[in-house]
Amino acid sequence: MSHHPDMPPCAALIGGEWVQTSHTLSVEAPATGKTLTEIARCQAAQVEEAVTAARQAFEGQLGSRSVKWHDWSARLRGEWLFSFAAKIDEDAETLAALECADTGKPISQARGDIAACARYFRFYAGAADKLHGETIPFETDYAVMTLREPFGVCAQIIPWNYPSQIFGRCVAAALAAGNTIVLKPAEDACLSVLRLAQLAQENGLPPGVLNVIPGLGSEAGEALAAHAPIDHLSFTGSPATGTLVAQSAATHHVPVTLELGGKSPQVLFADADMDAALAAAVRGIIQNAGQTCSAGSRLLIEASCFDAVLSRLTALFSELRCDVGENDPDCGPLINARQRDRLESLLAAARDDGIRVLAKGRLADDAPPGGYFVVPQVLIDIPDGHAVLNEELFGPVLAVQRFENEEEAVHLANATDFGLCAGIWTRDGGRQLRLAKHIRSGQVFVNNYGAAGGIELPFGGVGRSGYGREKGFEGLKSYTRIKTIAIRHG
Ligand code: NAD
């Protein structure tokens, strides 16, 4: 085990105390395959304790201390979130180093993720005291109002690909709305989350308001989703696990937000700004080694510029370099051996089906042999309906298709069960709007892809990409429910 000087407590945070568990899990560095540290492996008993602590913090009493987070005024909650954002900024280098080592992502991306995490806290800090209900004109002898109330105890299950960003997105919004939280980070990468939880304690968050229970999906995750007294569940992860947790929550009538995967298209017309479009096409698939729910994993190219675009893509992909995250390459390793082996077997099956690799990046000569690297690549000659067009590969692999006209572009863009993001590249204003309206997707970007992260912009899917919205003001609302009060005053 390495002794990273800034390792966070690798235990569970329950009721303001760091709790060790009898069993632990090894955390690997994806760049080397070597063990980084051991983390707590929570089971049903710790889940029970964490939910109880969150319940007590929400309702007002934890041990001898009075907490009642919801009774902090919205303004005070906002002030706490602001001060926490400053704390994240102060600690940014340590947090980024942890996220880089733990997930394998390039250090500059890890820095960007930590900055985004702080921005979530600032955005929801400012929004906390601007969230309100309405009055409703009913019969003349009534006064009717709605209150936006927090749910209570929010369970949050998050994945390994963007631990700190998703922590920011979920935790900041839920706290701003007055909820308390039990958060289950992913077993493959949770060190930045544990450090963030440590900083939240140091910043004076009352005990029990945020509880973090590292562990396996099949143990801590399942127990949390099945736990009767949670009041809301937000899940970010794979569609298959999303189905399981939503079924589990349904047995207790717990409302759920599901942020699942994507197979998002970028649609490129011949009249587009090609330099900008191709830069975004490359970035959209190599970011986080393609392990991004909103990755632009399909590129649809208008026939009249198809050959010219392919030759530019070949040049761009040949330049890409894969290496350990600390060296700030274009592309880091995949998260673990399982994901690497899964991707390699999908690529082998694609080859057997006649799909060709147009271009590939390269691995740094001195990259560690134990790292889980797969070089960025472009696939062409893909038969309609092939799995590489409808399954998340979750790697730096771009699937290219050709279209003749607008109608076919929309048809191909929508030929997937997912619907998370889409990019449209054209200078034609009418076409921009027609496609934006007809593409089935939670977000559509025109002449950009991803709006630089867009923490202020509502985000979520349709179809297999899930339901509910996070980010932006919409995300704050989804951590509240409406109570209607009707007063008959005579
Ligand atoms: P995953 O579904 O395996 O794991 C996600 C989380 O769920 C982890 O914390 C895991 O421990 C937990 N989990 C696993 N099995 C569980 C169970 N039976 N009950 C309860 N919890 C369980 O997903 P992953 O492989 O870690 O993440 C990659 C997936 O997440 C991709 O499909 C990606 O597209 C998706 N994703 C979506 C978004 C989004 O916002 N839409 C963001 C990031 C990742």
Segment 384-420-segment 293-359 distance, computed between alpha-carbon centres (Å): 14
Rounded to 5, the percent of DSSP beta bridges in the chain classed as antiparallel: 45
Degrees separating the helix 107-127 axis from the principal Cα axis of the chain, which is the longest one: 40
D (Stokes-Einstein, µm²/s), Kirkwood Cα radius, segment 393-490, 0.890 mPa s at 25 °C: 154
Charge tally in the Cβ shell below 12 Å around P163, where Lys, Arg are +1 and Asp, Glu are -1, P163 excluded: -1
Accessible area per residue, Å², segment 112-210 with all protein chains present, probe 1.4 Å: 27
Rel. contact order, % - alpha carbon contacts under 8 angstrom, at least six apart, the chain: 18
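What FRET efficiency would be calculated for the residue pair R351, A436, taking the C-beta separation as r and a Förster radius of 35 Å, to the nearest 0.05?
Values: r = 35 Å, r/R0 = 1.01.
With R0 = 35 Å, the Cβ-Cβ based efficiency is 0.50.
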The chain, helix-only ellipticity at 222 nm - DSSP H runs n ≥ 4, -39,500 (n - 2.57), divided by all residues, nearest 500: -10500 deg cm²/dmol
Virtual spin-label span in nm between M274 and H252, 7 Å along Cα→Cβ: 5.7
Rg ratio (alpha-carbon, reference 2.2 N^0.38 Å) - segment 265-453: 0.99
Estimated FRET transfer efficiency when R0 is 45 angstrom, pair E149-A44 (beta carbons, to 0.05): 0.95
Angle in degrees between helix 239-250 and the longest Cα principal axis of the chain, rounded to the nearest 10: 20
Segment 267-288 residues near the modelled A364 label - backbone nitrogen below 17 Å, point 7 Å along Cα→Cβ: 287-288
Carbon/sulfur fraction of accessible area - segment 12-260, other protein chains in place, 1.4 Å, %: 53
Amide proton proximity set for G466, modelled H, under 5 Å, gap of 5+: L260
Ratio of Rg to Rh over segment 407-456 (Cα coordinates, Kirkwood Rh, two decimals): 0.96
Over segment 176-294, relative contact order from alpha-carbon pairs under 8 Å, at least 6 apart, %: 19
Degrees between helix 191-202 axis and first principal axis of the chain (Cα, 0 to 90, nearest 10): 30
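For the chain, what is Rg from Cα atoms divided by 2.2 N^0.38 Å, rounded to two decimals? Intermediate results must be reported in sequence, preceding the final value.
Working: Rg = 23.1 Å, N = 490, 2.2 N^0.38 = 23.2 Å.
For the chain, the normalised Cα radius of gyration is 1.00.
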Per-residue HN-Hα couplings for segment 427-435 [Karplus 6.51, -1.76, 1.60; θ = phi - 60°; Hz; x = Gly/Pro]: 8, 7, x, x, 5, 4, 6, 4, 5
Dimensions in Å of segment 345-427 - Rg and Dmax from alpha carbons: 15.1, 47
Cβ-derived FRET efficiency at R0 45 Å, D141 paired with D417, nearest 0.05: 0.30
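The values are calculated or read from the model by the stated rules, or taken from the named source; none is laboratory data. The structure presented is a predicted model; accordingly, all values stated were derived computationally and were not measured. Note that each Cβ is placed from the backbone with ideal geometry, even for glycine, and that neighbours are counted across all protein chains shown. All accessible areas refer to the heavy atoms of the entire protein, side chains included, with ligands and DNA or RNA removed. Shrake-Rupley method; radii C 1.70, N 1.55, O 1.52, S 1.80 Å.
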